[in-house]
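Notes follow the structure.
Where a number appears in this text, it was derived from the coordinates with a stated rule and is not lab data. These numbers come from a predicted model, not from an experiment. Neighbour counts run over all protein chains shown; Cβ positions are idealised from the backbone, glycine included.
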């Protein structure tokens, strides 16, 4: 067996706000679904980002009785490569995005990064490789 990753599916509470965010703010093409649905796929380069209503997945896997939200440290991050972190930040700020961290070089990681969240609180990183020294 050789499984291959096809999607990252975010289980969201505010589906419509997240749908608009990934379509309008991030600028991803909708590959399947719509704003009034319960599932959507977005083309994100060579990968797909999917949205699904959190409560429906909880019903499907038998966890609907558990708390749906809790303050915890982040457990996942969506990571997107961009050509210019600073320019991407300016474009996203113009679309209303508030950043958790401003653009900064992280030499120990080998990249320049910035971080923000989608409307459901999912952590997102944009990055580019630092020039080789």
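Dividing the convex hull volume of the alpha-carbon atoms in region 42-117 by its residue count gives 152 Å³ per residue. The value obtained for the chain, namely the Cα convex hull volume divided by the number of residues, is 151 Å³ per residue.
Rounded to 0.05, the FRET efficiency of the residue 65 and residue 86 pair, given R0 = 35 Å and the Cβ-Cβ distance, is 0.15. For region 79-127, what log10 I(q)/I(0) values come out of the Debye formula at q = 0.14, 0.21, 0.26, 0.27 1/Å, with one point per alpha carbon and no solvent? For the requested q values the scattering log ratios are -0.30, -0.67, -0.99, -1.06. Its Cα gyration tensor gives region 1-64 an equivalent ellipsoid. The semi-axes, each the square root of 5 times an eigenvalue, are 19, 18, 8 Å from largest down.
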